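Contents: one structure, followed by commentary.
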There are 2 protein chains.
Amino acid sequence: MNEQAKIDYFTEDGSVAAVNARISGDTHDRLADVMRSLVHHLHAFIKDVELTQEEWGVAIDFLTRTGQMCDENRQEYILLSDVLGASMLVDAINNRRPTGATENTVLGPFHVDGAPEYAMGENITKQGGRETCLFEGHVKDLDGNPVEGARIDVWCDSEDGFYDVQQPDVQPRHNNRGVFTTGPDGRYWFRGIKPVSYPIPDDGPVGQMLTKLGRHPYRPAHMHFIVSAPGFDTVVTHTFVAGDDYLTSDAVFGVKESLIASYEPVEDGETKWRTAYDFVLHRSE
Amino acid sequence: MNEQAKIDYFTEDGSVAAVNARISGDTHDRLADVMRSLVHHLHAFIKDVELTQEEWGVAIDFLTRTGQMCDENRQEYILLSDVLGASMLVDAINNRRPTGATENTVLGPFHVDGAPEYAMGENITKQGGRETCLFEGHVKDLDGNPVEGARIDVWCDSEDGFYDVQQPDVQPRHNNRGVFTTGPDGRYWFRGIKPVSYPIPDDGPVGQMLTKLGRHPYRPAHMHFIVSAPGFDTVVTHTFVAGDDYLTSDAVFGVKESLIASYEPVEDGETKWRTAYDFVLHRSE
């Protein structure tokens, strides 16, 4: 065997170099960089824990079952990414903003394009709304100026803890969803229900993993928002209900302190709650 | 928010601590250690490459399709582990041996329990054997003493590059498989065919990944061996055919220099090749 050949054989110490040496020089630069880093960290993990062959078998089985749990209505790999904090980490890295701008959090799997466009003040809850709540606030820029023409796309779960798309047989469609557009004052207001906490789907491999780690599958109550306006970075976020039991243990790590909103009881016809939250947009660079 | 609550919220810098803080104190110690390391390295990978949300989506899709490619005859996640060097790394960590003892390599997916037991000298190739080869050598301990009663379980591909289990309709069963047991002299000898190089299954996500990385799917020609004897560590290994084009680019990184065996042409009736390899066993600790 000549020297060149020796370099290419796999050894425990040289495992990363052996694998990464095989990436062709013609490979797309970014793909090559990502794969080299992946191999480096994958091997470092296996070495750090000195993974046994039995544990390797458990991992292969877990990854296989996670893929096989997926269908058009269920994405178990996104759940896995979520509960390991990977989804939030990718979101954080890709949405760094100056202090004062509204922070992002995970989109989640339940957003739907084409929700109804409503006039300010309308109620997005078309079925099952006992705890009616007024949501209001302003969309501003970092200098405090109102943002006109901001599109506010909102969605939340029902009082049973399910999104409409999880219960396709329940009518009407687009329950607890709507789109609003701000006027010159940047103000928004609409009615819906006070959201409730709910478990992520936990009847698959990811739920089994959470159980073994002593973790619960619940997300604290939240209203989803996508706030977009020409010339500004789009904010994909939630507002969380202050006081929720799961605020410090969100199964998907979505909570940021700046996104917690207080809900105050009111007496205003059928409206029982009011919550105010201002969105601060950062100009696109 | 009090100080305790602040600690638990997810931040880009504190992402690993936020996730690992959730592991319950009641968790099985080893599982907790493995998961903490996994989260550490997974987050380090995402941070190192600053994974984009689009790339995250590609990864979710790849992992999902890899799981969905698996069935009772195909294990795409093992292939993924193999081509990333993870299988060989786990094998290396779990089978460290003193210098001079025969080295391990990957078991592979084609071993079958219950192959026929043959007397020394018999031919394991029951169909399609043009390039008949004599395999011979000794099983010894580290001091050079013969090991009596060593069980030698061997299997290889056909001259078409397929294992019998990949062609269940081709008879007879157990083609190119057999089990031999050494006598007091520790010697083994049997006939088969000279193995040929072959591609791992490459019509799935792993094959697509190899293509994008400019990697071929071939394994160099090899004979599989499991050599076991009471009181010794079991050796799971191959011997590779010296001179094979793929020795320095095995798709699954299984080649070790000490496992390369020369094949010499002979003229002995129907036998056209001869290869000798001695297995050196390490006493169990």
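At-a-glance table
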{"quantity": "Relative contact order computed over region A:76-179 (Cα-Cα under 8 Å; 6+ residues apart), in percent", "calculated": "29"}
{"quantity": "A:M120, B:M35, A:M223 arranged by Cβ crowding within 10 Å, fewest neighbours leading", "calculated": "A:M120, B:M35, A:M223"}
{"quantity": "Residue-averaged [θ]222 nm for chain A, counting only DSSP H segments that reach four residues, each worth -39500 (n - 2.57)", "calculated": "-8000 deg cm²/dmol"}
{"quantity": "Spatial extent of chain A: Rg and Dmax, with the Cα atoms as the point set, Å", "calculated": "23.3, 87"}
{"quantity": "Magnitude of the charge dipole, the protein assembly as shown, Cβ model with Lys/Arg +1 and Asp/Glu -1, debye to 20", "calculated": "60"}
{"quantity": "Using a 7 Å Cα-to-Cβ projection, A:P168 label spacings across copies, nm, ascending", "calculated": "3.3"}
{"quantity": "For B:D13, label point 7 Å along C-beta direction: distances to other copies, nm", "calculated": "3.7"}
{"quantity": "Assigned charges on the beta-carbon of Lys, Arg, Asp, Glu; chain B dipole about Cα centre (debye)", "calculated": "240"}
{"quantity": "The protein assembly as shown - convex hull of the alpha-carbon atoms, volume per residue in Å³", "calculated": "177"}
{"quantity": "Test item: B:16-27 mean partner chain Cβ contacts at 10 Å", "calculated": "4"}
{"quantity": "Backbone N within region B:179-194 under 17 Å of label point (7 Å from B:K126 Cα along the Cβ vector)", "calculated": "B:179-180, B:191-193"}
{"quantity": "DSSP bridge pairs, chain A: antiparallel proportion in percent, nearest 5", "calculated": "75"}
{"quantity": "Farthest positive-ward along region B:76-281 dipole, Cα basis, beta-carbon charges - from B:Y277, B:N94, B:V170", "calculated": "B:N94"}
{"quantity": "Ranked A:D202, A:D82, B:D33, B:D245, criterion: other C-beta atoms within 10 Å, fewest first", "calculated": "B:D245, B:D33, A:D202, A:D82"}
{"quantity": "Point-charge dipole on Cβ atoms (K/R +1, D/E -1) for region A:1-108, about Cα centre, debye to 20", "calculated": "360"}
{"quantity": "Separation between Cα centres of region B:175-209 and region B:97-156, rounded to whole Å", "calculated": "9"}
{"quantity": "Residue-averaged beta-carbon neighbours from other chains (10 angstrom radius) around B:200-212", "calculated": "1"}
{"quantity": "Given A:K256/B:K212; A:K47/B:K256; A:K212/B:K212; A:K47/B:K194, the pairs whose alpha carbons are separated by over 27 Å", "calculated": "A:K256/B:K212; A:K212/B:K212; A:K47/B:K194"}
{"quantity": "Mean Cβ neighbour count within 10 Å, used as a protection proxy, ranking A:154-161, A:86-93 highest first", "calculated": "A:86-93, A:154-161"}
{"quantity": "Shielding by other protein chains, A:111-119, mean Cβ within 10 Å", "calculated": "0"}
{"quantity": "Near-label residues of region A:142-171 by backbone N, under 12 Å of a point 7 Å along Cα→Cβ of A:V112", "calculated": "A:155-158, A:163-171"}
{"quantity": "Contact order relative to length of chain B, as percent, for alpha carbon pairs under 8 angstrom and 6 or more apart", "calculated": "21"}
{"quantity": "Percent RCO, i.e. relative contact order, over region B:196-279, from Cα pairs under 8 Å lying at least 6 residues apart", "calculated": "23"}
{"quantity": "Within a Gaussian network of chain B (alpha carbon springs, distance under 10 Å), most fluctuating of B:K47, B:K272, B:K212", "calculated": "B:K47"}
{"quantity": "DSSP-defined beta bridges in the protein assembly as shown - what % are antiparallel, rounded to 5", "calculated": "75"}
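Read the figures in this text as sums done on the coordinates, not as results from a lab. Small disclaimer: the values here were computed from a predicted structure and weren't measured. Cβ sites come from the backbone with ideal geometry, for glycine too, and all protein chains shown count toward neighbours.
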